[in-house]
Amino acid sequence: WKNVRIFFAQYYTNGQLQADVQLDEFGQYHGVAVFHYEDGQVESTGNYDYGIKTGQWKNFDTTGKLISTDHYGKNGQFIK
């Protein structure tokens with residue numbers, strides 16, 4: 001993996017991690033992804049498959065309570 005990024009991290013202006021996402025060799029989101037609220041609480045978690053949301057994605061409110069679970073097909077289509 002010479003000179004290839006394997007993850008992407010984005011931060012809020014306060015320094016708190018906003019997004020932590022694995023990347024494939026082409027720089028596309030691929031693998032586990034975690035998005036955070038500005039206070040650091042987890043907002044959502046799920047997986048990307050070569051830039052496309054797939055499988056189960058969990059969404060949390062600002063207190064950390066699970067509020068919904070979304071399901072995506074292999075082509076990124078929202079199932080429920």
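The values are calculated or read from the model by the stated rules, or taken from the named source; none is laboratory data. These numbers were taken from a predicted model, which means no experiment stands behind them. Methodologically, a virtual Cβ is constructed for each residue, glycine included, from the backbone with ideal geometry; neighbour enumeration extends over all protein chains shown. The area values use the complete protein model at the heavy-atom level, side chains included, leaving out ligands, DNA and RNA. Shrake-Rupley method; radii C 1.70, N 1.55, O 1.52, S 1.80 Å.
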Which residues, taken from the range 58-80, are surrounded by 16 or more Cβ atoms within 10 Å (Cβ to Cβ) and either more than 22 Å from TYR11 (Cβ to Cβ) or touching a Cys at 6+ places or on another chain (Cβ under 8 Å) (or both)? TYR72
Positions within the range 30-52 being aliphatic (A, V, I, L, M) and either open to solvent by 80 Å² or more (accessible area, probe 1.4 Å) or within 26 Å of THR13 (Cα to Cα) (or both), in sequence order: VAL32, ALA33, VAL34, VAL42
If you take the residues of the range 4-29 that are within 21 Å of GLY73 (Cβ to Cβ) and open to solvent by less than 50 Å² (accessible area, probe 1.4 Å), which of them is modelled with the lowest pLDDT? ASP24
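Being at pLDDT 95 or above, open to solvent by less than 30 Å² (accessible area, probe 1.4 Å) and part of a strand (DSSP E or B) is the requirement here; does GLY55 meet it?
So GLY55 does not fit the description; no.
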